[in-house]
Amino acid sequence: MCGRSMAMIRQTLQGVPGLCAFALAALFLAAAPAIGHAQGRIVGQVVQSGMPSGDAVLATSIPSGTSQGWLAQFAGNPAGPPQFLAVNKQAQELYVFEQKSPLAMVEKITCTTGEREGDKLVEGDLRTPEGVYFIQQRLSAGLDYKDYGTLAHTLNYPNPVDRLKGKTGGGIWIHGRGHQITPRETKGCVALNNDAILELDKRLSRNLPVLIAHNVDWRPEDTNFAESETLVRLVEDWTRAWESRSDTFFDFFDAEKFSKSGDESFQAFKAHKANLFKNLPWLQVRSHNIHALPGPDYWVTWFEQYYRSPSLSSGGIKRLYWMKDATGNWRVVGNEWVDADQESLRGMEARYLLDSLQQVRELVDAWRDSWLKADLDRYMAFYGNAASQGGRYGKRAIQDHKLAIWTDKRPTRVEFGALDVKLHPQGLVVGFSQEYEDAKGYKDKGFKTLVMQPRGNGWEILSEDWQAM
């Protein structure tokens, strides 16, 4: 943590900043030789302020899994985020990566990290944590200029895997400094010169991923991105199992590790979900823009999630943390949720409605066709058991009414106008103009309103009303 107890960090988030102390000169002198003696190199495209791109030695490399810390290895692939940061603690550098087909490093910035080497384990150990983190909050007021400069971005340390491993502490930020930085001078944060973080700020946003590692090894393209593809498919399967209210949903989790990584035991989590599965008439889960990045011994997937049930609608970013079990299968060991802001939520709702419109349009076209052909069995299949139509309630009443009409007044013309689809507490409300004629010469024109609720992978008509135009 960055020089504060958890209680004091909570005060900091309310506008009372803490302190990141200078490193002792002896620590700096001891660290300098380690930076200068390279054991290997990483080559990639670099763009620095005012400098041309080209091959450049980025950092030294060490074997993965040594006591020195994590060697973050990653490459560009379709599941990668469009932009992320990587902090190289050994080189004391921060890199900005963008997925430009291939992955490209677009900026390299000098930074400083914790006074002591290695991964953060406990509060106050003066180490910078290693793993995959995400920006949470932007702080620009109430900061002590000497230690934080004029800007800070908080990170989500400890993440679920950190908690699973028993790591403690908090208050890990990326922030500025009121003086020229020197290597390894913080109590755990990542600090930049103040002008550098002000320039970097235009690239930073909530939920932006940040890899922090002892060292960084990357490639522009991954010709074998099977692991990330597997995890994307698992997220899709996990979403479908949740939406179908299947017991297989619970098989995606490592019960013991999940219980240790969060505030709720897996047993409580499962009981709550099982109760919803049993009592909700329907629920829908939509996952979009699935991304994946590797951590030291885990992967993180995150995506936009839009959830609907008769009692709740929500949207935000869901993060799932995956580790392999004893049989080599990926299991969810922790999760995080970040509520969408109002603008993002409106965007999720708009995409949901657009996706639903295509399904509803196909259903309405098929329903109209069955009506025009007086195909009673097919027509009734579009209605829920408790459906209403005008003053008639239940499928049997609707069926008897249509049978009586179609016996000698078969439809000859049923035309619909453009569909208007909106959210409704029971699912969707669909409105459109309707023109109708039958074999006896009766004709009318009106506005039809259908309330539709989810059924399996599609929809069913819950109520139908018509008003003359």
May I ask you to say which residue of Tyr379, Tyr393 is aromatic (Phe, Trp, Tyr), open to solvent by 20 Å² or more (accessible area, probe 1.4 Å) and either over 24 Å from Lys422 (Cα atoms) or out of contact with any Pro (no Cβ under 6 Å at 6 or more places or on another chain) (or both)?
Tyr393
Selection from the range 296-318 of residues open to solvent by less than 10 Å² (accessible area, probe 1.4 Å) and under 19 Å from Leu85 (Cα atoms) yields Tyr298, Val300, Thr301, Phe303
Is there a residue in the range 265-282 that is buried (at least 17 other Cβ atoms within 10 Å of the Cβ) and closer than 23 Å to Ala79 by Cα?
no
Would you call Thr128 buried (at least 23 other Cβ atoms within 10 Å of the Cβ), of a type in the set (S, T, N, Q) and part of a loop (DSSP other than H, G, I, E, B)?
yes
Take Leu139 and decide whether it is open to solvent by 10 Å² or more (accessible area, probe 1.4 Å), at pLDDT 95 or above, closer than 16 Å to Val87 by Cβ and not β-branched (Val, Ile, Thr).
no
Just checking, how many residues over the range 87-102 are in a strand (DSSP E or B) and surrounded by fewer than 22 Cβ atoms within 10 Å (Cβ to Cβ)?
4
Residue within the range 90-99 that is of a type in the set (Ser, Thr, Tyr) and either at pLDDT below 95 or more than 22 Å from Leu200 (Cα to Cα) (or both) present
no
Just one of Val430, Val414 is within 36 Å of the chain's Cα centre (by Cα) and in a strand (DSSP E or B); which is it?
Val430
Counting only residues that are surrounded by fewer than 19 Cβ atoms within 10 Å (Cβ to Cβ) and of a type in the set (Gly, Ala, Ser), how many does the range 207-238 have?
1
Would you check if there is a residue in the range 286-301 being assigned to a helix (DSSP H, G or I) and either in contact with a helix residue (DSSP H, G or I) (Cβ under 7 Å, 6 or more places away or on another chain) or free of Cβ contacts under 8 Å to residues at least 60 places away in the same chain (or both)?
no
Whether any residue in the range 405-422 is loosely packed, with under 15 Cβ neighbours inside 10 Å, of a type in the set (S, T, N, Q) and at pLDDT below 95 is what I want to check.
yes
Those residues that are among the aromatic types (Phe, Trp, Tyr) and within 16 Å of Pro160 (Cβ to Cβ), I need them from the range 304-335; list them, please.
Tyr321, Trp322, Trp330
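The values are calculated or read from the model by the stated rules, or taken from the named source; none is laboratory data. Since the structure is predicted, the reported quantities are computational estimates derived from the model, not experimental observations. Neighbour counts are summed over all protein chains in view; Cβ atoms, including those assigned to glycine, are modelled from backbone coordinates with ideal geometry. We work out accessible area using only protein heavy atoms, side chains counted, and drop any ligands, DNA or RNA first. Shrake-Rupley method; radii C 1.70, N 1.55, O 1.52, S 1.80 Å.
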